[in-house]
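Here the structure comes first, spelled out in structure tokens, and everything after it is commentary.
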Amino acid sequence: MFDLILKNATLPDGRTGIDIACHNGTIAAVEPNITAQAQEVIDATGYLVSPPFVDPHFHMDATLSLGTPRMNTSGTLLEGIALWGELKPIQSVDDIVTRALRYCDLAVSMGIGAIRSHVDVCDDALTGVQALLEVRKKVAPYLDLQLVAFPQDGVLRDPTAMENLIRALDMGVDVVGGIPHFERTMADGAESVRQLCEIAEKRGLMVDMHCDESDDPHSRHIETLASETQRLGLQGRVAGSHLTSMHSMDNYYVSKLIPLMVEAQVHAIPNPLINIMLQGRHDTYPKRRGQTRVPELRDAGITVGFGSDCVMDPWYSLGRADMLDVAMMGLHVGQLSSRADMAWCFEAVTQNSAAIMGLQGYGLDKGCDANMVLLQAQDPIEAIRLRATRLAVIRKGKVIARTAPQLTELALPDRPSGLNPADYAPQQSS
């Protein structure tokens with residue numbers, strides 16, 4: 001007897017009428033017409049079953065802190081950083097733990113199964129590090145939380161940041177982070193990339209740097225990051241987050257830069273919601289979108305995963321832990337309007353981001369972890385269009401969250417008595 005069977009599901013690759021059987025926390029079978037019994041059977045007819053959503057870029061130490069100690073009135077990145085500097089001294093470990101656990105509840109309800117969170121180490125008490133290490137342990141049964149040692153004030157600019165970063169890694173933080181464009185000079189930024197990549201190489205860790213989160217076309221630390229990745233043999237273990245300056249670079253330079261990134265196997269993590277909100281603030285009109293060159297990076301063979309970055313914090317006052325909102329914004333800003341493009345945007349919040357994080361056992365194949373989401377949609381494109389209801393969230397073969405289908409009652413003459421939004425897809429939707 002299986003623990004759980006989902007019957008007659010549609011999969012992201014287009015297969016329909018598929019049953020998924022789960023046993024002892026893993027997927028035991030993926031095939032039509034499984035006749036064995038199970039402790040629980042879910043009818044997935046007409047609905048999409050996906051692996052969990054993955055958020056490869058977040059700031060959990062700041063989440064849900066909106067309005068404390070004040071609002072970001074300019075809406076700029078720099079005021080957000082300044083506001084965060086005001087919040088850090090007045091928040092406790094318990095404050096961060098409470099907010100982070102509340103956010104994790106929300107994330108799970110929205111089908112997120114893994115999050116990579118940057119945690120600020122420019123605090124000699126390492127309050128955020130202590131808090132998120134505790135949170136990581138608490139949520140481990142139902143959420144994979146990967147932590148990045150992030151020197152928000154610059155690892156060279158802040159006098160104790162490097163020491164604190166090493167301490168955070170010694171405490172068990174998973175990934176080496178950085179913010180080279182926030183160092184005092186371009187040269188310092190390049191030197192920070194070199195030093196941080198050397199730390200990662202010696203410790204056998206991954207790297208994820210806030211890189212060139214700027215409208216300045218001359219902010220080119222991603223070039224140094226690609227070079228250091230090659231020099232130190234870190235291929236496949238390094239990600240550049242944001243990369244918004246690439247939006248403003250001239251085409252000739254980008255024609256050189258992208259092949260360097262491909263050669264180094266550097267991943268890219270745009271954050272569509274925050275990038276479109278923060279970038280171009282100094283422009284009049286025309287006003288730059290700010291999101292990096294997503295189609296060009298993807299078409300060159302670079303693994304691109306969309307992150308959400310922030311939810312109700314000093315930088316972004318909206319958000320609801322919905323990676324389909326993120327995909328929708330990335331789709332629009334990148335003008336990813338073909339059917340293949342839109343389906344790829346679903347991959348950017350699932351399998352691509354899982355690959356960037358190095359998640360093991362991820363997917364819907366036999367032998368993978370039995371982690372998945374049942375969506376009130378007929379295919380990935382419809383899931384994005386509808387920001388589909390998460391009917392069931394499954395972890396290790398057990399349902400950990402349920403939401404009732406969205407169904408609307410109508411009282412209109414000569415019209416149906418109700419509607420299910422998932423039934424209003426075009427006939428040829430794939």
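The values are calculated or read from the model by the stated rules, or taken from the named source; none is laboratory data. The model shown is predicted, which means the values in this text are computed figures rather than measured ones. A quick note on method: Cβ atoms are made from the backbone with ideal geometry, for glycine too, and the neighbour counts reach across all protein chains shown. With ligands, DNA and RNA removed, areas are computed over all heavy atoms of the protein, side chains included. Shrake-Rupley method; radii C 1.70, N 1.55, O 1.52, S 1.80 Å.
Summary of computed values
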| read-out | value |
| --- | --- |
| Residue within region 143-166 that is open to solvent by 10 Å² or more (accessible area, probe 1.4 Å), part of a helix (DSSP H, G or I) and of a type in the set (Ser, Thr, Tyr) present | no |
| Flag if Ser248 is touching a Pro at 6+ places or on another chain (Cβ under 8 Å) and either of a type in the set (S, T, N, Q) or farther than 22 Å from Thr350 by Cβ (or both) | yes |
| Single residue of Arg157, Arg167 found to be in contact with a Lys or Arg (Cβ under 9 Å, 6 or more places away or on another chain) and of a type in the set (D, E, K, R) | Arg157 |
| Residue ranges of helices (runs of 4 or more DSSP H) in region 217-326 with at least 3 members closer than 24 Å to Phe58 by Cα | 221-232, 272-278, 294-299 |
| Complete set of residues in region 109-132 that are touching a residue at least 60 places away in the same chain (Cβ under 8 Å), in a helix (DSSP H, G or I) and open to solvent by less than 10 Å² (accessible area, probe 1.4 Å) | Gly128, Ala131, Leu132 |
| Candidate set from region 5-17 (those that are within 17 Å of Ile394 (Cα to Cα) and over 28 Å from the mean Cα position of the chain (by Cα)); member that is surrounded by the most Cβ atoms within 10 Å (Cβ to Cβ) | Ile5 |
| Residues (under 16 Å from the mean Cα position of the chain (by Cα) and of a type in the set (D, E, K, R)) located in region 203-254 | Asp208 |
| Tabulated pairs, region 357-370, first of a type in the set (Gly, Ala, Ser), second open to solvent by 50 Å² or more (accessible area, probe 1.4 Å) and assigned to a loop (DSSP other than H, G, I, E, B), C-beta under 9 angstrom, 6+ apart or interchain | Gly358/Arg237; Gly361/Gly367; Ala370/Asn24; Ala370/Lys396 |
| Qualifying residue in region 327-335 (condition: crowded, with 22+ Cβ neighbours inside 10 Å and in a loop (DSSP other than H, G, I, E, B)) | yes |
| Test: residue in region 204-217 that is more than 24 Å from Leu297 (Cα to Cα), open to solvent by 10 Å² or more (accessible area, probe 1.4 Å), charged (D, E, K, R) and at pLDDT 95 or above | no |
| Given (1) in contact (Cβ under 8 Å) with a residue 24 or more places away in the chain; (2) open to solvent by 40 Å² or more (accessible area, probe 1.4 Å), index of the condition Lys287 fails | (1) |
| Residues located in region 382-423, provided they are in a helix (DSSP H, G or I) and open to solvent by 80 Å² or more (accessible area, probe 1.4 Å) | Arg385, Asp423 |
| Of the criteria (1) closer than 16 Å to His118 by Cβ; (2) open to solvent by less than 10 Å² (accessible area, probe 1.4 Å), which one His267 fails | (2) |
| Check on Gly177, open to solvent by less than 10 Å² (accessible area, probe 1.4 Å), at pLDDT 95 or above and not charged (D, E, K, R) | yes |
| Subset of region 61-105 [surrounded by fewer than 16 Cβ atoms within 10 Å (Cβ to Cβ) and closer than 18 Å to Glu213 by Cα] | Ser74, Gly75, Leu78, Ala82 |
| Inter-residue pairs, beta-carbon under 8 Å, first at positive phi and in region 39-65, second crowded, with 20+ Cβ neighbours inside 10 Å and of a type in the set (Asp, Glu), 6+ apart | Leu64/Asp313 |
| Residue match in region 73-80 (condition: within 25 Å of the chain's Cα centre (by Cα), of a type in the set (A, V, I, L, M, F, W, C), more than 20 Å from Asp369 (Cβ to Cβ) and modelled with pLDDT under 95) | yes |
| Single match in Ala370, Ala355, Ala340, Ala321 (criterion: under 11 Å from the mean Cα position of the chain (by Cα) and among the small types (Gly, Ala, Ser)) | Ala321 |
